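J.: Have a look at this one.
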């Protein structure tokens, strides 16, 4: 089976003009469908609302997500879209969501980011909305075009999330990214591309990533990565399209490094360009340390002590960690004792 997917990297509006993204989103969706896409992916917070007025400045008769739902009913494709939802239980707090919409226009999953950015960075990205609370579910959605994992932005830098997607059966993980709306000191595009390829290769899955382009001349990071190669990438605003080959994916997932790949190549042979079966090469009993919290990590639940505690929490988590180097004992993780029967 082959599935054509599109990563839309829009020329996006920010702030008071964000409501304009809704109509533009529908145009992009129509163009992607015309190119044969069966799954169309938009960036973080797109079409919104996210950083503009939560009522879209009263300019729209329905919410941007509802407009996308109606368009998918007409276009009969799957759509990945995003918005910021107010938390009804705590004023001035939100959930950043990633929604998968069916060809029937139904929201199949509403993923809430489980590892939000720190409040200061949220304030930059969401136009002063600092308190984005953590969700509590990792999601993979079964569909006729593949099993689809949902995450948001820098969560792709957390390998455990993509690995859990793989363990839940994901063929694709979608990573919508926000994007800068002003110049700053961060230039991480090459890292993002490397991480997308790494997540695809280590989990034998496809990774789709795209971002908003708010600033003229700012490079984007749209990526459609496969386990064996980068299928497509672009720095420009527009629509990136690629075909996902599930037969090849399943072939690579169902093999090891055995004689099949160790023979002398013959004319017409297809080379394996990543390690076959890598997604199941695991020793979970050795990984218990991964379940322990890092003492300097941000406490995502700071808000329980009051929203105004965020700055003290950021400062606590931001301590500069210096290290002195000297000889010492080998640090070890030892496998649990087991009785081996031969």
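Rule-based calculations on the coordinates, nothing more; no lab input. Owing to the predicted nature of the structure, the values given are computational and were not obtained by experimental measurement. When we count neighbours, we look across all protein chains shown, and the Cβ atoms used for this are built from the backbone with ideal geometry, even at glycine.
J.: Computed FRET efficiency, Cβ-Cβ of residue 70 and residue 235, R0 30 Å: what is it to the nearest 0.05?
T.: 0.40
J.: While we're looking at this one, here's another question. Please compute one quarter of the surface area of the Cα convex hull for the stretch 147-213 and express it in square nanometres.
T.: Its average projected convex-hull area is 4.3 nm².
J.: Could you give log10 I(q)/I(0) at q = 0.16, 0.25 Å⁻¹ for the stretch 75-115, computed by the Debye formula over C-alpha point scatterers of equal weight, without solvent?
T.: At q = 0.16, 0.25 Å⁻¹ the computed log10 ratios are -0.46, -0.81.
J.: Still on this structure, I have one more. Arranged by the count of other C-beta atoms within 10 angstrom, fewest first, what order do 191, 210 take?
T.: Starting with the residue having the fewest Cβ neighbours, the order is 191, 210.
J.: From the Cα trace of the stretch 1-92, what convex hull volume per residue do you get, rounded to a whole Å³?
T.: Given the Cα convex hull of the stretch 1-92, per-residue volume reads 109 Å³.
J.: According to a simple spin-label model (label point 7 Å from Cα along Cα-to-Cβ), what is the distance in nm between residue 24 and residue 266?
T.: The answer from the label model is 5.5 nm.
J.: Here's a follow-up. How high is the relative contact order of the stretch 64-107, in percent, counting Cα pairs under 8 Å that sit 6 or more residues apart?
T.: Here the relative contact order equals 45 percent.
J.: Say each of residue 190 and residue 319 gets a label point 7 Å from the Cα, pointing the same way as Cα to Cβ; how far apart are those two points in nm?
T.: 3.3
J.: Further question on the same structure: Counting only helical runs of four or more DSSP H residues, what would the 222 nm mean residue ellipticity of the chain come to if each run contributes -39,500 (n - 2.57) and the total is spread over all its residues?
T.: Value at 222 nm, helices only, nearest 500: -6500 deg cm²/dmol.
J.: Right, next: Roughly how many whole Å is it from the C-alpha centroid of the stretch 254-305 to that of the stretch 149-223?
T.: Each part's Cα centre sits 17 Å from the other's.
J.: Which order results if 117, 92 are arranged by neighbouring Cβ count within 10 Å, fewest first?
T.: In order of increasing Cβ crowding within 10 Å: 92, 117.
J.: Express in nm, to one decimal, how much length is gained between residue 121 and residue 283 on full extension, taking 0.36 nm for each residue of separation and deducting their alpha carbon distance.
T.: Length gained, residue 121 through residue 283: 54.7 nm.
J.: Against the 2.2 N^0.38 Å scaling, with N counting residues, where does the stretch 50-123 land? I'd like the Cα-based Rg ratio to two decimal places.
T.: Its radius of gyration relative to the 2.2 N^0.38 Å reference: 1.21.
J.: Would you mind ranking 290, 231 by Cβ crowding within 10 Å, fewest neighbours first?
T.: Going from least to most buried by this count: 290, 231.
J.: Quick check: pseudo-label points 7 Å beyond the Cα along Cα→Cβ at residue 248 and residue 11, how many nm apart are they?
T.: Label at residue 248, label at residue 11, 3.3 nm between them.
J.: Same structure, new question: Given a cut-off of under 8 Å on Cα pairs at least six residues apart, what relative contact order in percent is computed for the stretch 2-252?
T.: For the stretch 2-252, the relative contact order is 21 percent.
J.: For the stretch 245-342, max minus min Cα coordinate along each principal axis, in Å, sorted largest first?
T.: Rounded to whole Å, the extents work out to 65, 40, 32 Å.
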